[in-house]
1. Looking at R47, is it surrounded by 19 or more Cβ atoms within 10 Å (Cβ to Cβ) and farther than 24 Å from E306 by Cβ?
2. Tell me whether segment 94-106 contains one or more residues that are crowded, with 21+ Cβ neighbours inside 10 Å and small (G, A, S).
3. Tell me yes or no: at least one residue of segment 6-16 is farther than 19 Å from S122 by Cβ, free of Cβ contacts under 8 Å to residues at least 40 places away in the same chain and of a type in the set (S, T, N, Q).
4. Got a number for residues in segment 195-220 being crowded, with 19+ Cβ neighbours inside 10 Å and touching a residue at least 40 places away in the same chain (Cβ under 8 Å)?
5. In this structure, does D214 turn out to be modelled with pLDDT under 95 and of a type outside the set (S, T, Y)?
6. Pairs needed: first member in segment 114-141, surrounded by fewer than 20 Cβ atoms within 10 Å (Cβ to Cβ); second member anywhere, outside any loop (DSSP other than H, G, I, E, B) and among the hydrophobic types (A, V, I, L, M, F, W, C); C-beta distance under 6 Å; at least 6 residues apart or different chains.
7. Every residue in segment 193-213 that is touching a helix residue (DSSP H, G or I) at 6+ places or on another chain (Cβ under 8 Å), of a type in the set (A, V, I, L, M, F, W, C) and in a helix (DSSP H, G or I), please.
8. If E9 passes every condition in (1) assigned to a helix (DSSP H, G or I); (2) surrounded by fewer than 14 Cβ atoms within 10 Å (Cβ to Cβ) but one, which one does it miss?
Amino acid sequence: MTSTWQLPETTRGWVTDGGLETDLIFHRGLDLPDFASFPLLDDPHGREILEDYYRGYAVVAARAGAGLLLETPTWRANPDWGARLGYDADALARVNRDAVAHLRELAADVSGEVDGVLVVGSVGPRGDGYRAGDLDADRYADYHRAQLAAFADAGADLATAYTLTTVAEAAGIVRAARDVGLPVAISFTVETDGRLPDGTDLGAAVEQLDTATDEGAVHLLVNCAHPDHVRHGLDADAAWTRRIAGLRVNSSRLSHAELDEAEELDEGDLPDLAATTRELAAALPAVRIVGGCCGTDARHVAAMWEGWTPTG
């Protein structure tokens, strides 16, 4: 069933945040076991750090005259990763609801500064974000349903699933979101050749997902890749490019394998990242969400948006 929910229109698109976990680890000196930021919600000081992080992007959105997407720090708050950190099903449901409530309070506080604000429940892959998983969409639906239900119960405006490596997991998430009545967006990641980690062309992945779910995702994004890597997978004249509404790009041109092995943060070159992001957005006619991913922070996202809008 085709989704009827649409991202609200704003004058200058939507700002979203950058590389939350890399910012917290490399710039704020935090230890995040298993690259998980959601446990910070259970600590008063952790909540203060998260609020300070998100307020940086509210400033970017206000300066750009754009809307703001506040996306929960719950990329790892699913059963397998949660169990490694001591969170059972009840604890995960609680922390996922708390994440939405925490950002809803912040949204109310900054709503007068930005051109609209939405609270988004962030979903991550079951496995490693750089490696392809199995191909059982129904199993993925069962796996991700509880997190999506927690977001829906807490009143999230929508959910977005990031760094997905297979169409199967994306399809499962769309089905689960439909089951709980929550709009959902899907974001694939690509390797340096513009293909998903399982080798699927980005365009084929978009088309296969839309066929499998009857365009059940409200829109699609690409994340955790440098703009030049994403461009390798584009056919500017293809109809599927109109389904890509958002970009959350890496600052580094390193491959996923190289990033996994890196001991220092590659922050890239801000002017170059801004230029290549704008060039990529120009090739994707529906893009109206722009932010960062690994290695980026509010400085990078501010540079992307300075004097520019993805909506022309």
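The values are calculated or read from the model by the stated rules, or taken from the named source; none is laboratory data. Here the structure is a predicted model, which means the values were calculated and not measured. Cβ sites come from the backbone with ideal geometry, for glycine too, and all protein chains shown count toward neighbours.
1. So R47 does not fit the description; no.
2. Within segment 94-106 (the criterion being crowded, with 21+ Cβ neighbours inside 10 Å and small (G, A, S)), the answer is yes, since at least one residue qualifies.
3. The answer is no, given that none of the residues of segment 6-16 is farther than 19 Å from S122 by Cβ, free of Cβ contacts under 8 Å to residues at least 40 places away in the same chain and of a type in the set (S, T, N, Q).
4. 8
5. no
6. Taking only residues 6 or more apart or on different chains, the pairs are L118/L69; L135/A168.
7. Result: L202, A205, V206, L209, A212.
8. It fails just one condition, (1).
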